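Novice: This structure is in structure tokens; I'll ask about it shortly.
The values are calculated or read from the model by the stated rules, or taken from the named source; none is laboratory data. Just so we're clear, the structure is a prediction, and the values are computed from it rather than from any experiment. Every residue, glycine as well, gets a Cβ built from its backbone with ideal geometry; the counts of neighbours run over all protein chains shown. Keep in mind that these areas ignore ligands, DNA and RNA; they rest on the heavy atoms of the full protein, side chains included. Shrake-Rupley method; radii C 1.70, N 1.55, O 1.52, S 1.80 Å.
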Amino acid sequence: MAKKSENLKPLKKEKGTKGYNPQDDEAKVYEEFLRRKNELMSSRNNVYGLNIDAEMRRRDNMYFRKFADIPPSELDANNRPLAINGAYGKIQTALGILIDNNPKYKMEEDNPKYSANRELLKQLAQKSFRDTNSLGQLKLSVFNCAKRGWGIGRTFNRQLLHDARFLSSIDAKGNRAYTTKKVVKLDDIAYLNLNNFNTWVDEQTKPEDFFSTRDWMWREVWYIDDLKNTFPESEFPNMKFVHSGGDTRETIEGTYSYQQSANQGTSPQAQKPGMTEVFFYENQYADQFIIEMNGVMVVWEPLPQNNKRLSCVYFTWHLRGDDTIYGIGVVEEMENNEELIDRVINMEMRQLLLTISPPGFYSGTEDFEDENIKITPGVLRRTMNPKDINFLQIPAGNQHGMERIAWLQNQQDANTGITPAIEGTPPQSSSTTAFQIGVEREAGLKRLRLPLKSIQYGLDWEFQNRVALIQQTYSDFQVEHLSDQEKINAYLDEVGQDPDFYFIENEGQPGQEVFYAKKYRGQMLNLEQGEDGTFTESDSKSFFHIKPEYLAFSGWMSTDVSSLLTTSDELEKADTIRMTNLLIPILQLPKEIGAKPAKQMLMSAGKEPKKWLPQDWLDFLSGTTKPNAAAKMEAMPGGNMGGMSDTPPKPPVPPNQPITGPKETGGFAGTFIT
């Protein structure tokens, strides 16, 4: 009998407490939550006759696998059928094209009083998206969307704070003294991807209608110590009932009941000691936010976000129906053709093996197990024929098999919209021009327009949630007492003596005045602030302390979806040269004639007029300057039209070679500009 190691110590048992037994209003809220929890977790069992959880797991298995699922009768039992995994390459290509850059935003105020803050909020949102690596999290959501048919995530104020010790002094005996300070790893608005299996959305949810979603729920697994630090018992009394446990698998799927939450799961995934199952629930119309930890409701309060909207963002790849967000992904679109390709390729390989090492017969006797002889490469069978060994005549392979495979692959390209031109496959013909390649790329990209538009709608909602959270959290400030006069003077110089950034207690009472600094968030942005307080975009960076009045805004907000897309350097170069050749002749006209056509031409090609037009033209378009009367007279019939001759001016920037790129778009991005 093995002896117990003396070096192993049992885990410390948690102190026993009285069981959780909610009363009165708390009991009503918890009972309603448990009912809704079970409904949500069963909502995917039958969608268009499909169990969505089972379908998602099957697509995960099909996404990348070593061996194909082919009937054994079609192959030699000794040969394992190989899988081509075409969906893997298609999805990776889609990710590389659709999610390549941090998004840019568009805003239009519904009241002129908000116009001064528009550019500031736009850049704050773009900066927070970049600084929190929300692009990487968005890429994970789009990956799930392409693979499983739908993706989901949430936007929230992500705070990573903890206490840390810093060396403050060392005495003569070498004893070290430390000072404890709060370390802020992250405190900003972030987007976080969520696993599809751990999220459940209202059954009434319709595609591209976030207001149809009444509530939703997501699940996480936390270490018990992290829960106790984040939700201290002094603020959340029910924490005294919380113990580690529950189903601590990373993901769960299928029907779920409350009684199972405290039991060990049956997944091969390890049950991790000290981990705790946590459920989060939001209801935007009942204004509820609930957190349940291993069967204990710890938090039940109004939604923390002031806009009282759900924090989730979801989108589909291709629609399965007009009443469900559980769409059709790339794996499902390619499934049937992928199976046929695997079967044809493996049969072609078997024929090749038989041709290289053909089977045969030689003299003798052998009792066959049955009348159907399975032909195996290199295996000779003995017969009564006294002749020499005879090898079977195996027909040589031909091009028909590969032609069938090419035809099936073309069907996959048509279904997914991810063509060889988009994937970067070199053209088979050396005579293919850059223009033809560009046309093929844009034709494929237009087929990806539907999933991209769905992603854009989700990002529009995410942007609105992000701005609302910026308005809510950036208006907070820290108060710091300053007693050193030099530090006070330095701070006053930094804030320009603005009284909004400090206050003095007992002001005007000599010897009793106390100076406090009000420290708002500070950001380095490509902005400049005019004398009237209006923020405008600038090429240089400036530092700004964010006052609450800077954050006021109400109006339309959207994501510039073309800013997400990857770009082609060659096509961008060709397009820039083409646009320059078109624009320079217009710039020689009076601005009263050429300004509006030039602006429309630039906007139709996805270009920013501010980066192309002279400042006086921009001022004229914005209405800050008046038209020149003399120029109007010259432009009238009978005049010399601004001194122009009958011959149009020669383009001052002739291209070195013929422009063969797309003629009406701005490269890849232009495909999606509407």
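Novice: Which of the pairs Lys127/Lys610; Lys104/Lys185; Lys185/Lys541; Lys139/Lys240; Lys173/Lys228; Lys66/Lys453 have their Cα atoms more than 29 Å apart in this structure?
Specialist: Lys139/Lys240; Lys173/Lys228; Lys66/Lys453
Novice: Please compute, for the alpha-carbon atoms of segment 82-136, the extent along each of the three principal axes and give them in descending order in Å.
Specialist: Rounded to whole Å, the extents work out to 65, 22, 10 Å.
Novice: If you count, for each residue, the other Cβ atoms within 10 Å and average over each peptide, how do 338-346, 463-471 line up from highest to lowest?
Specialist: Result, highest mean first: 463-471, 338-346.
Novice: Over all directions, average the projected area of the Cα convex hull of segment 194-258 and note it in nm².
Specialist: 6.2 nm²
Novice: A further question follows. Determine ³J(HN,Hα), in whole Hz, for all residues of segment 190-201 in sequence, where each value follows from phi through the Karplus function 6.51 cos²θ - 1.76 cosθ + 1.60 and θ = phi - 60°; x replaces Gly and Pro.
Specialist: The phi angles translate into 10, 9, 10, 5, 10, 6, 4, 5, 9, 10, 9, 10 Hz.
Novice: Leaving out ligands and nucleic acids, note down the accessible area per residue over segment 115-245 with a 1.4 angstrom probe, in whole Å².
Specialist: Accessible area per residue, segment 115-245: 47 Å².
Novice: Taking the highest mean first, how do the peptides 175-184, 111-120 order by number of other beta carbon atoms within 10 angstrom per residue?
Specialist: 111-120, 175-184
Novice: Rolling a 1.4 angstrom probe over the protein chains, ignoring ligands and nucleic acids, what is the accessible area of His545 in square angstrom, nearest 10?
Specialist: Near enough 30 Å² of accessible area.
Novice: A further question follows. So how do 197-203, 147-153, 42-48 stack up, highest first, on mean other-Cβ count within 10 Å?
Specialist: Packing proxy ranking, top to bottom: 147-153, 197-203, 42-48.
Novice: Could you give the length gained by full extension between Lys181 and Asn79, i.e. 0.36 nm per residue of separation minus their alpha carbon distance, to one decimal place?
Specialist: Value of the extension gain: 30.3 nm.
Novice: Grab the Cα-Cα distance for Gln497 and Phe64, subtract it from 0.36 nm times how many residues apart they are, and report the gain in nm with one decimal.
Specialist: My answer for the length gained is 149.7 nm.
Novice: Taking the Cα centre of each part, how many Å lie between segment 77-125 and segment 287-302?
Specialist: Cα centres, segment 77-125 to segment 287-302: 33 Å.
Novice: Starting from 0.36 nm per residue, how many nanometres of slack lie between Ser115 and His162 once their C-alpha separation is accounted for?
Specialist: 13.0 nm
Novice: Give the calculated FRET efficiency between Val29 and Lys206 to the nearest 0.05, with a Förster radius of 25 Å applied to their Cβ-Cβ distance.
Specialist: After rounding, the FRET efficiency stands at 0.35.
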